[in-house]
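Participant: One structure follows; several queries about it will come next.
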């Protein structure tokens, strides 16, 4: 076989393999998709990835002081957010509050801790964050456990890496491009699921936050029941 033809064939194979891998990662992510009744309701709005990987605990500064995360003995819901976000972060908050209300009504709010992971350490200020949480939570503030990680630097990057969060700042606009969704860890600190609401040119699940919230609530109910 001509050497040039052989090299061209190898290059074509490599390019094809790379293309297929990227297509797979685009549609499926790095983890397999979760299946079963616990995530069935979420499947209409979100892709749920099953992870099952222990998290390395870290002592971090939060709006509630120094806290060890993941919080032991509680179901942890990690949510990447920043106060100055123009859209998705506030929808995440609305979904959280919707589900928080349900946990209070069901008497299981003490089983769950909501952990916002800051994705704009460049501008985040504790006072602004605390005011945002109080204003958004309203009467729920103090009835549920919602903490906001205030770390910057290495510790925050370690949390991002463990969860799979990516955040990048646009120097011109100050806006942050970041991973969105919900990460669920069990009471033993094992990261179980990443819930990624569907968002494409043809479909935007973020426009239906109640539907996402209903699915998230069903999953948390299932986890709370299974860990009794």
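Participant: Enter the Cα centre distance for the pair region 38-62 and region 156-228, rounded to the nearest angstrom.
Facilitator: Centre-to-centre (Cα) distance: 7 Å.
Participant: Could you line up 219, 94 from fewest to most neighbouring Cβ atoms inside 10 Å?
Facilitator: Values: 219 26, 94 15.
Neighbour counts put them in this order, fewest first: 94, 219.
Participant: With bins 10 Å wide starting at 0, give me the P(r) of region 32-226 over every alpha carbon pair, in whole percents.
Facilitator: Result, from short to long distances: 9, 38, 40, 12, 0 percent.
Participant: Quick one: what do you get for region 155-205 if you divide its Cα Rg by 2.2 N^0.38 Å?
Facilitator: 1.41
Participant: How long is the gain from residue 52 to residue 200 if the chain were fully straight, where each residue apart is worth 0.36 nm and the alpha carbon distance is subtracted?
Facilitator: On the way: separation 148, 0.36 × 148 = 53.28 nm, distance 2.68 nm.
Computed gain between residue 52 and residue 200 is 50.6 nm.
Participant: On a 0 to 90 degree scale, rounded to 10, what angle separates helix 209-226 from the longest Cα axis of the chain?
Facilitator: It works out to around 80 degrees.
Participant: If I take the Cα coordinates of region 27-129 and project them onto the principal axes, what are the three extents in Å, biggest first?
Facilitator: Largest to smallest, the principal-axis extents are 41, 31, 31 Å.
Participant: Rounded to a whole number, what is D in µm²/s for region 100-178 from Stokes-Einstein with the Kirkwood radius over alpha-carbon pairs (37 °C, 0.692 mPa s)?
Facilitator: Working: Rh = 14.2 Å.
For the chosen part, D equals 231 µm²/s.
Participant: Another question, if that's okay. Rounded to a whole number of µm²/s, how large is the Stokes-Einstein D of region 113-228 at 25 °C and 0.890 mPa s, given Rh as the Kirkwood radius over C-alpha pairs? Before the final figure, lay out the partial values.
Facilitator: Values: Rh = 16.3 Å.
Rounded, D is 151 µm²/s.
Participant: How many nm separate the modelled label positions at residue 87 and residue 224, each set 7 Å beyond the Cα in the direction of the Cβ?
Facilitator: 3.2
Participant: Expressed as a rounded percentage, what relative contact order does the chain have, with Cα pairs under 8 Å and six or more residues apart? Don't jump to the answer; show the numbers that get you there.
Facilitator: On the way: 338 pairs, mean separation 67.8, N = 228.
In percent, rounded to a whole number, it is 30.
Participant: How far apart, in nanometres, would the label points at residue 157 and residue 207 be if each is projected 7 angstrom from Cα along the Cα-to-Cβ direction?
Facilitator: With each label point 7 Å from Cα toward Cβ, the separation is 3.9 nm.
Participant: Right, here's the next one. Once both axes come from the Cα atoms, what is the angle between helix 126-137 and the longest principal axis of the chain, in degrees from 0 to 90, rounded to 10?
Facilitator: 80
Every number in this text was worked out from the coordinates using simple rules, so none of it is lab data. Values in this document were obtained by computation on a predicted structure and should not be read as measured data. Backbone-built Cβ (ideal geometry, glycine too); neighbour counts: all protein chains shown.
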